[in-house]
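K.L.:
Please find one structure pasted underneath; my questions will follow.
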Amino acid sequence: MKLVFAGTPEVAVPALDALLASGRHEVAAVVTRPDAPAGRGRRLVASPVAQRAEEAGIEILRPVKPRDEGFLARLREIAPDCCPVVAYGALLPKTALAVPAHGWVNLHFSLLPAWRGAAPVQHALMAGDQVTGASTFQIEEGLDSGPVYGVVTEDVRPTDTSGDLLTRLAFAGAGLLAATMDGIEDGTLKAVPQPAEGITLAPKIQVEDARVDFAAPALRVDRVVRGCTPAPGAWTVFRGERLKLIQVTPLPDRLDLAPGELAVGKNNVYAGTGSYAVELVWVQPQGKKPMKAADWARGVRIAAGERLGA
């Protein structure tokens, strides 16, 4: 089939690579978000998908909005058979959905209908899911509600961050998306409607959602930290300034600390929660680089009774 691939961030690149390597389909163009300011100089930088497409010599379409008539006209000229999508980052209008004969097929990083929305991996970790995965489905006007072509499952490991899990799903999902394109082309794959039961939503994680509540149980604290790492970053407050929490370890045997209360050992820092304590392993003070929590504690000289989150 002739394909137009839509995607923007780094997590979409493995799928684009898989389609380019398949040898079976032609990736005629990619659709991605416009170049965005990045870094201290705030200079415009092309998306990871655009950079990969440029390396491969593929036409790049960067509509400000996918309803722009210039973009739609070019899409009709290319006349793709199907448009595979991975984390494109913009809603597709009916006029765009109607162009390819086989529609737009999205690779979504959850086992639909669980975790429909922008942040499925973060929500799966924060909810304590033990198994997650990726799904390919036909895009329709509803939020991630279209019929499903295929799924791949992935175990959630005890120390997974959303970054760890998303990286694995990006590569596993890339193979699934390529296989889905094959099945659509040869007619062996039919999309199946999603069940009406088991629907959960995964909206974008806001900064306030990533604030750690030390009155919550230790397992919840750990899940929020892992689910929000690397983005948007779990955080708390210490002495009136924000402190990012990058890694914590639950300690079921330590029960002597009140929620948020800090204790410092020779090479360890502990914080109480609503159940048992957690060890702070990696933190990032406001305006500084990530550091080991023990080094941070030596620098700030924590006093007896001081707490996080106050």
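K.L.:
What nm distance separates the two modelled labels at GLU185 and GLU69, each placed 7 Å from Cα along Cα→Cβ?
P.N.:
Distance between label points: 3.5 nm.
K.L.:
Let me ask something additional. Could you go through the stretch 192-201 in sequence order and give the Karplus-derived ³J(HN,Hα) for each residue, using 6.51 cos²θ - 1.76 cosθ + 1.60 with θ = phi - 60°, rounded to whole Hz, and x for Gly and Pro?
P.N.:
Along the stretch 192-201, the couplings run 10, x, 5, x, 7, 9, x, 6, 10, 10 Hz.
K.L.:
Counting only protein heavy atoms and using a 1.4 Å probe, what share of the accessible area of the chain belongs to carbon plus sulfur, as a whole percent?
P.N.:
53 percent
K.L.:
Need the list of lysines near LYS65 for cross-linking: C-alpha distance under 29 angstrom, and skip anything on the same chain fewer than eight residues off.
P.N.:
Of all the lysines, those that pass the test against LYS65 - Cα under 29 Å, at least 8 places apart if same chain - are LYS2, LYS94, LYS204.
K.L.:
Can you work out the PRE-style zone for THR249? Point 7 Å along Cα to Cβ, and I want the residues of the stretch 287-301 with backbone N under 18 Å.
P.N.:
Counting backbone N atoms under 18 Å from the label point, the list is 291-298.
K.L.:
Okay, moving on. Picking from ALA46, LEU201, CYS82, whose Cα lies most toward the positive end of the charge dipole for the chain (charges on Cβ: Lys, Arg +1; Asp, Glu -1)?
P.N.:
ALA46
K.L.:
Here's something else I'd like to know. Given the protein chains as shown and a 1.4 Å probe, how many square angstrom of HIS123 are accessible, to the nearest 10?
P.N.:
Roll a 1.4 Å probe over it and HIS123 shows about 40 Å².
K.L.:
Quick one: order LEU262, LEU44 from most to least accessible surface, probe 1.4 Å.
P.N.:
LEU44, LEU262
K.L.:
Sticking with this one: At 0.36 nm per residue, minus the direct Cα-Cα distance, what do LYS2 and GLU141 gain on full extension? Give it in nm, one decimal, please.
P.N.:
Separation in residues times 0.36 nm, less the Cα-Cα distance, equals 47.7 nm.
K.L.:
If packing is taken as the average number of other Cβ atoms within 10 Å across a peptide's residues, how do 225-233, 79-87, 125-133 rank, most packed first?
P.N.:
With the highest mean Cβ count within 10 Å placed first, the list reads 79-87, 225-233, 125-133.
K.L.:
Here's another thing I want to ask about it. Where in the chain is the longest stretch that carries no GluC sites (Glu not before Pro) classed as loop by DSSP and with at most 13 other Cβ atoms within 10 Å?
P.N.:
1-140
K.L.:
Related question: What ranking of ASP253, ASP295, ASP182 comes out by heavy-atom accessible area, probe 1.4 Å, highest first?
P.N.:
ASP253, ASP295, ASP182
K.L.:
What are the radius of gyration and Dmax of the chain, computed over its Cα atoms and given in Å?
P.N.:
Looking at the chain, its Cα Rg and Dmax stand at 22.3, 70 Å.
K.L.:
Quote the FRET efficiency, to the nearest 0.05, computed for THR167 versus ASP295 with a Förster distance R0 of 41 Å and r equal to the Cβ-Cβ distance.
P.N.:
0.90
K.L.:
While we're looking at this one, here's another question. Counting heavy atoms of the protein chains only and a 1.4 Å probe, report the per residue accessible area for the chain as a whole number of Å².
P.N.:
48 Å²
K.L.:
Mind giving me the nanometre distance, one decimal, between the label points for HIS102 and ILE199, set 7 Å out from Cα along Cα→Cβ?
P.N.:
Modelled inter-label distance: 2.8 nm.
K.L.:
Moving on. Out of residues 5 or more away from VAL27 or on other chains, whose amide H comes under 5 Å of its own, with H placed 1.01 Å from N in the peptide plane?
P.N.:
The answer is LEU3.
K.L.:
Label ALA304 and LYS266 with points 7 Å out from Cα along Cα→Cβ: what is the distance between them in nm?
P.N.:
Spacing of the two 7 Å Cα→Cβ label points: 2.1 nm.
The values are calculated or read from the model by the stated rules, or taken from the named source; none is laboratory data. Because the structure is a prediction, the values reported are computed rather than measured. All Cβ positions, glycine included, derive from the backbone under ideal geometry; neighbour counts span all protein chains shown. All accessible areas refer to the heavy atoms of the entire protein, side chains included, with ligands and DNA or RNA removed. Shrake-Rupley method; radii C 1.70, N 1.55, O 1.52, S 1.80 Å.
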